[in-house]
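Only one structure is covered here, and it is reproduced in the block below.
The values are calculated or read from the model by the stated rules, or taken from the named source; none is laboratory data. Because the structure is a prediction, the values reported are computed rather than measured. Methodologically, a virtual Cβ is constructed for each residue, glycine included, from the backbone with ideal geometry; neighbour enumeration extends over all protein chains shown. To get the accessible areas, we keep the full protein, side chains included, count just its heavy atoms, and leave off ligands, DNA and RNA. Shrake-Rupley method; radii C 1.70, N 1.55, O 1.52, S 1.80 Å.
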Amino acid sequence: MQIKLFIVDDHYMVIEGIRSLLQQEPSIAWLGHATNAASCISFLQHQQPDVILMDINLPDMSGIELCRRVHGMYPGCGILGLSTFNQHSVIRDMIDNGASGYLLKNAGKQELMTAIQLAAKGKTYMSIEASASLKDSEHQIPILTRREKEILKLIAAGLTNAAIAEKLFISMPTVNTHRRSLLEKFDAKNTAILIGKAAKMGLIHVE
């Protein structure tokens, strides 16, 4: 049974390159392509592919947001993130928003086929570079300013933003800015994850 494949990318050279790699594959049915998120969503209203190769950087919407929307509307469709970058926060966001895997655009034909076949079966595929990036991010200690270190310890102690502002004689907006910076540096979506990661790295001690 053929795997119905669709690609979303705003570079025709990438589209044509992948199509030329796979056009002789009997197991692949090429449904077409979209060069932006709006065209992708419009296409999916009429046809549903088994697997979508989805660029991260699109002109009208990020691939992460498009992945979230497509996965919400068509959860049975496998989505493979496609990018020239292997930044761990982007990879994690794609996976968290429903992607079945992540590929770099320098992938060869065999790797591309393996990823597509696994995604079509509802399984996950991560390129070697993407896997390494995620693994490294789990152990990499962010570089923090002196103030960020102070605020991190106070957050771990359970102080509110107002209490931290009062204790350090700084404004609430300043505390909010530092808190957002900490969440970003630790790639954490909330305070609990932030504290957990910081404790695991030995930056704070939690009772």
Exercise. Would you be able to tell me the number of residues in region 109-128 that are out of contact with any Asp or Glu (no Cβ under 9 Å at 6 or more places or on another chain) and open to solvent by less than 40 Å² (accessible area, probe 1.4 Å)?
Key: 2
Quiz item: From the residues in region 1-54 that are open to solvent by 70 Å² or more (accessible area, probe 1.4 Å) and assigned to a helix (DSSP H, G or I), which one is nearest to THR124 (Cα to Cα)?
Solution: ARG19
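Being under 11 Å from the mean Cα position of the chain (by Cα), of a type in the set (Val, Ile, Thr) and under 16 Å from TYR125 (Cβ atoms) is the requirement here; does ILE79 meet it?
Details: under 11 Å from the mean Cα position of the chain (by Cα): no; of a type in the set (Val, Ile, Thr): yes; under 16 Å from TYR125 (Cβ atoms): yes.
Criteria not met by ILE79.
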Exercise. Kindly list the number of the only condition in (1) under 27 Å from the mean Cα position of the chain (by Cα); (2) farther than 29 Å from ASN97 by Cα that fails for LEU183.
Key: (2)
Self-check item: Scan of region 146-173 for residues that are open to solvent by 50 Å² or more (accessible area, probe 1.4 Å) and part of a helix (DSSP H, G or I), ordered by number
Solution: ARG146, ARG147, LYS149, GLU150, LYS153, ALA162, GLU166, LYS167, MET172, PRO173
